[in-house]
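Colleague: One structure follows; several queries about it will come next.
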Amino acid sequence: MVITEPNPILRQIAQQVTAFNNQELDDLIELLFSTMQEKNGAGLSAPQLGISKRVFVYGFDINPRYPDAPPVPKTVVINPEILYLSTETIDLEEGCLSVPNKRGIITRCKSVVFTSMDAHGNIYEKSVHDFEARIVQHEIDHLNGLLISDRANALHQSQIS
Ligand code: ZN
């Protein structure tokens, strides 16, 4: 189940993950992927499942909610830290599974470089662009208690979230 606004967890700064190589973390990652796929999400963060942890997953081959988006590799992100945001930005209509039936145009940086940890606690660095960079910025917002309503000038009603 994906929790929706209003829910205080969606507005909290999520907690750093401090324990790795354990079943609880593996189960959370699996639940994030299965729920995201079931709901056709482009990405999904732990706070959206009511779990205040700095974890999200993203990626898909084809996404019916974003039919023009190219395939994005399936990725697990834990305790991300942004190293670089491009000054170049892109405006695109964006939705959120936690903000049902609303969409809005959101300006996001075209490129992002960030560090993350994997489920074993190893740090990796990743450089992402375009739609993938948009997803990363959207999901990091969730870890910081921010929603699309904070980023868009206005949201409109939409058949798809
Ligand atoms: Zn969202």
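The values are calculated or read from the model by the stated rules, or taken from the named source; none is laboratory data. All values derive from a computational prediction rather than experimental measurement. Positions of Cβ are backbone-derived with ideal geometry, glycine not excepted, and every protein chain shown enters the neighbour counts.
Colleague: Of all residues being in contact with a Phe, Trp or Tyr (Cβ under 9 Å, 6 or more places away or on another chain) and under 10 Å from GLU139 (Cβ atoms) in the stretch 48-64, which is nearest to the ligand (Cβ to nearest atom)? Just the residue, please.
Modeller: Filtering the stretch 48-64 for residues that are in contact with a Phe, Trp or Tyr (Cβ under 9 Å, 6 or more places away or on another chain) and under 10 Å from GLU139 (Cβ atoms), the one nearest to the ligand (Cβ to nearest atom) comes out as GLN48.
Colleague: So which pairs qualify, if the first residue must be in the stretch 72-87 and touching a residue at least 12 places away in the same chain (Cβ under 8 Å), the second must be of a type in the set (Asp, Glu) and surrounded by fewer than 19 Cβ atoms within 10 Å (Cβ to Cβ), the Cβ gap must be under 8 Å, and the two must be at least 6 apart or on different chains?
Modeller: Every condition considered, the pairs that remain are VAL76/ASP118; ILE78/ASP118; LEU83/GLU125.
Colleague: Given the condition surrounded by 15 or more Cβ atoms within 10 Å (Cβ to Cβ) and in contact with a His (Cβ under 9 Å, 6 or more places away or on another chain), answer yes or no: does some residue in the stretch 112-120 qualify?
Modeller: yes
Colleague: Just one of LEU28, LEU44 is among the aliphatic types (A, V, I, L, M) and farther than 15 Å from ILE135 by Cα; which is it?
Modeller: Matching residue, one of LEU28, LEU44: LEU28.
Colleague: Are any residues in the stretch 74-102 hydrophobic (A, V, I, L, M, F, W, C), farther than 23 Å from ASP26 by Cα and buried (at least 19 other Cβ atoms within 10 Å of the Cβ), and if so, which ones?
Modeller: Quick first cut of the stretch 74-102, residues hydrophobic (A, V, I, L, M, F, W, C) only: 76-78, 82-83, 85, 90, 92, 96-97, 99.
Pick out the ones that are also farther than 23 Å from ASP26 by Cα and you get 82-83, 85, 90, 92, 96, 99.
The answer is CYS96, VAL99.
Colleague: Here is a follow-up. Tally time: how many residues in the stretch 103-115 are among the small types (Gly, Ala, Ser) and without any contact (Cβ under 8 Å) to a residue 40 or more places away in the chain?
Modeller: Residues in the stretch 103-115 being among the small types (Gly, Ala, Ser) and without any contact (Cβ under 8 Å) to a residue 40 or more places away in the chain: 1 in total.
Colleague: Filter the stretch 22-36 down to residues that are surrounded by 15 or more Cβ atoms within 10 Å (Cβ to Cβ) and over 13 Å from VAL77 (Cβ atoms) and give me whichever is nearest to the ligand (Cβ to nearest atom).
Modeller: Residue satisfying both the conditions and the ranking: THR35.
Colleague: Limited to the stretch 75-96, what total is found for residues that are over 21 Å from THR4 (Cα atoms) and either within 16 Å of the ligand (Cβ to nearest atom) or under 12 Å from the mean Cα position of the chain (by Cα) (or both)?
Modeller: Within the stretch 75-96, residues that are over 21 Å from THR4 (Cα atoms) and either within 16 Å of the ligand (Cβ to nearest atom) or under 12 Å from the mean Cα position of the chain (by Cα) (or both) number 6.
Colleague: Quick one: is CYS109 surrounded by 18 or more Cβ atoms within 10 Å (Cβ to Cβ) and within 11 Å of the ligand (Cβ to nearest atom)?
Modeller: In short, no.
Colleague: So, in the stretch 122-153, of the ones that are assigned to a loop (DSSP other than H, G, I, E, B) and at pLDDT 95 or above, which residue ends up nearest to the ligand (Cβ to nearest atom)?
Modeller: Residues of the stretch 122-153 assigned to a loop (DSSP other than H, G, I, E, B): 122, 144-147, 152-153.
Among the residues that remain, those that are also at pLDDT 95 or above are: 122, 144-147, 152.
Details: ASN122: 26, ASN144: 12, GLY145: 12, LEU146: 10, LEU147: 7, ALA152: 12 Å.
Per the criteria, the residue is LEU147.
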